[in-house]
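Right, one structure below, let's go through it.
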């Protein structure tokens, strides 16, 4: 998660000077899951829909990653960073400026996420042919991209983005829980929705059958989530039913969460491939060439991510023949 919890009075200041005087003030901000657990801090999002909007906060975010989590001295290491497709040269320049001038790294390489994802897919036993040609569905916290790659080169003119990603699943799950009025403390509704998504969400192959399954034998499928009220310190328990599969379902029925966007992900993938040069369409349609990358989507497990990918492939099957 790309959130950062920071006090409004905090200053970014000079990076080198802060490193010389490390103390409480220097590390008095939190990122990721820790940011959600700090209600007295202001939570902000330096990255929205894959684009950096606040470079000062982004610098702090990177500082926490390097010093607190990697526990590394940046002057001693070369860094490999990934960038989203269609990243602007200005963003790339700002990133390099921070890494070289603020952190004094000796070397930096910025790679496209989709190409690295195809290379990483070679480690799967289900991949028989090692190739850098494929369709990558890259779903992060704020945006999802569908990226065609041919022989290691991104076909930039055919990339499409979907304004639905991990954060939208969290918000949609939060909305579903609120509508049921299940007794979640208001200040913890987002945190609870995120936990429900990560623990219980899964992709269903047939929405109608799944609804009938819960209606006929709900006790078998309904799960319980137990949390601690941050104010009273007492436990609260909620039942989790339809929310388990309706969250990820917004990829196939985006109108559930976003009335302004109604194109399911399978149609987007199909459109992307159809826009590619005709000589690369067939390999892009191959079952083994559709790669799903989910940084912050967090459906239940890797098998469910594979099911999501296979569901997309099933919908594309007429074009794969």
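Can you spot a residue in the stretch 68-90 that is in contact (Cβ under 8 Å) with a residue 40 or more places away in the chain, farther than 30 Å from residue 146 by Cα and surrounded by fewer than 17 Cβ atoms within 10 Å (Cβ to Cβ)?
Yes, because at least one residue in the stretch 68-90 is in contact (Cβ under 8 Å) with a residue 40 or more places away in the chain, farther than 30 Å from residue 146 by Cα and surrounded by fewer than 17 Cβ atoms within 10 Å (Cβ to Cβ).
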Margin query: Exactly one of these conditions fails for residue 16: (1) surrounded by 13 or more Cβ atoms within 10 Å (Cβ to Cβ); (2) outside any loop (DSSP other than H, G, I, E, B); (3) at pLDDT below 85. Give me its number.
Written below: (1)
Check: In this structure, does residue 111 turn out to be within 26 Å of residue 292 (Cβ to Cβ), in contact with a strand residue (DSSP E or B) (Cβ under 7 Å, 6 or more places away or on another chain) and exposed (fewer than 13 other Cβ atoms within 10 Å of the Cβ)?
Finding: yes
Item checked: Elements of type helices (runs of 4 or more DSSP H) in the stretch 170-282, at least 3 residues being surrounded by 14 or more Cβ atoms within 10 Å (Cβ to Cβ) -> 189-200, 207-216, 243-246, 265-274
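The values are calculated or read from the model by the stated rules, or taken from the named source; none is laboratory data. What you are looking at is a predicted structure, and each value in this text was computed from that prediction instead of being measured. Using ideal geometry, Cβ is built from the backbone for each residue, glycine included, and neighbour counts are taken over all protein chains shown.
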